[in-house]
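Here is the structure we will look at, set down as structure tokens.
The values are calculated or read from the model by the stated rules, or taken from the named source; none is laboratory data. On a predicted model such as this, the values are computed, not experimentally measured, just so you know. In this analysis, Cβ positions are derived from the backbone assuming ideal geometry, glycine residues included, and neighbour counts consider all displayed protein chains.
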Amino acid sequence: MNILVTGAFGNIGTSTLRALAGRGHRVRCFDLPSRTNQRLATKHAVECEVVWGDIRQFEDVQRAVHNQDLVLHLAAIIPELSHTGEKSEQEPIKAHAVNVGGMRNLIEAVQRMPHPARIVFTSTLHVYGRTQHLPPPRTTACPVNPVQTYAKHKVICETLLRESGLKWAVFRVAAAIPVRLVFEKALFLIPQHNRLEFVHTRDVGYALANAVDKPNLWGMVWLIGGGSRCQLTYGCMLNQVMALIGQQPLPSSIFSKIDYSVDWLDTQASQQLLRYQQRTFDDYVSELHTILGEKLYWLRLFRPFVRQALLLRSVLP
């Protein structure tokens, strides 16, 4: 099968490329030719064709979809933790051009194909808005009520797909945190008591790779999360990472008091079809331990200074 992956060198994109490797598909990567993306592309150069371009440019998108059977549409400007440094909430006009304009370009380009490709679109659990006052979990039957610019873009894109006349599927993805240590203000945006479902980025990639040959996938919304073993509070998740680097729990007073658009998800249907849930948050922490390696010694040795650096990044005074 000819498979196009947009946003191929982002967090979920690279996991998807790894999951597709060795399955006999012809994979085409589409992304911006940034220095970081070009470096990441070298890791997949043997197995994938790379087409550089800008999803905001229709001609680039049309060139990318040529002769493809399936599009895994991952390209987006997200709220936080992107390796590009761009943030949808700080750059809403550019984010709209990429997220919504890019989807419009993709749909039109696919509609013009002699044999239109199918599209799997990665949306987000953020579309449900603030739901901590409701009993969990969120389901596909729950109404959307987006708060963030990013989530509003995703709702628009889901609607565009439904109305496109194309064969589509939507994946609303839980918190797929990059496997790296985060010392950013984003750390403090979620109140510690908030329910949050983690899903390992590798498992999301596995779900997307498993989706390509599932006849029962199409015309539906699927919730992609880590499952019951990944349903925690944000404070519980954060405290595990703090313990790894030798830190006591951070005070709840320095975190946002406004509930964030996160929750637990009902992933029974997606797991039954896609069989992707392989890793827990404990596995994430273990992997982070391995990646940090010798840096952990210094993080623990200088923990008072590390703590002060963390406190200075709080969203609250």
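Here 127, 98 are screened, and the one residue that is of a type in the set (Val, Ile, Thr) and more than 25 Å from residue 258 (Cβ to Cβ) is 98. Checked against (1) of a type outside the set (Gly, Ala, Ser); (2) over 23 Å from residue 174 (Cα atoms); (3) crowded, with 18+ Cβ neighbours inside 10 Å, residue 232 meets all criteria but (2). May I ask you to list pairs of residues, at least six apart or on different chains, whose Cβ atoms are under 8 Å apart, with the first in region 148-160 being over 11 Å from residue 92 (Cα atoms) and modelled with pLDDT of 95 or more and the second being β-branched (Val, Ile, Thr) and assigned to a helix (DSSP H, G or I)? From residues that are over 11 Å from residue 92 (Cα atoms) and modelled with pLDDT of 95 or more, the pairs are 151/127; 154/127; 155/127; 156/100; 157/100; 158/127; 160/100; 160/107. Considering only region 206-214, I want to know if a residue exists there that is closer than 30 Å to residue 313 by Cα, among the basic types (Lys, Arg) and in a loop (DSSP other than H, G, I, E, B). Looking through region 206-214, none of the residues is closer than 30 Å to residue 313 by Cα, among the basic types (Lys, Arg) and in a loop (DSSP other than H, G, I, E, B). Contact annotation: residue pairs with Cβ atoms under 9 Å, 6 or more positions apart or on different chains, pairing a residue in region 285-296 that is within 19 Å of residue 202 (Cβ to Cβ) and touching a residue at least 60 places away in the same chain (Cβ under 8 Å) with a partner that is β-branched (Val, Ile, Thr) and surrounded by 12 or more Cβ atoms within 10 Å (Cβ to Cβ), are 287/179; 288/179; 288/241; 291/179; 292/245.
Taking region 139-162 as the range and being closer than 25 Å to residue 232 by Cα and either in contact with a helix residue (DSSP H, G or I) (Cβ under 7 Å, 6 or more places away or on another chain) or part of a helix (DSSP H, G or I) (or both) as the test, the residues that pass are 142, 144, 145, 146, 148, 150, 151, 154.
The condition of being touching a Lys or Arg at 6+ places or on another chain (Cβ under 7 Å) and assigned to a loop (DSSP other than H, G, I, E, B) holds for residue 136. Looking across region 173-212, the residues that are aromatic (Phe, Trp, Tyr) and at pLDDT 95 or above come down to 198, 206.
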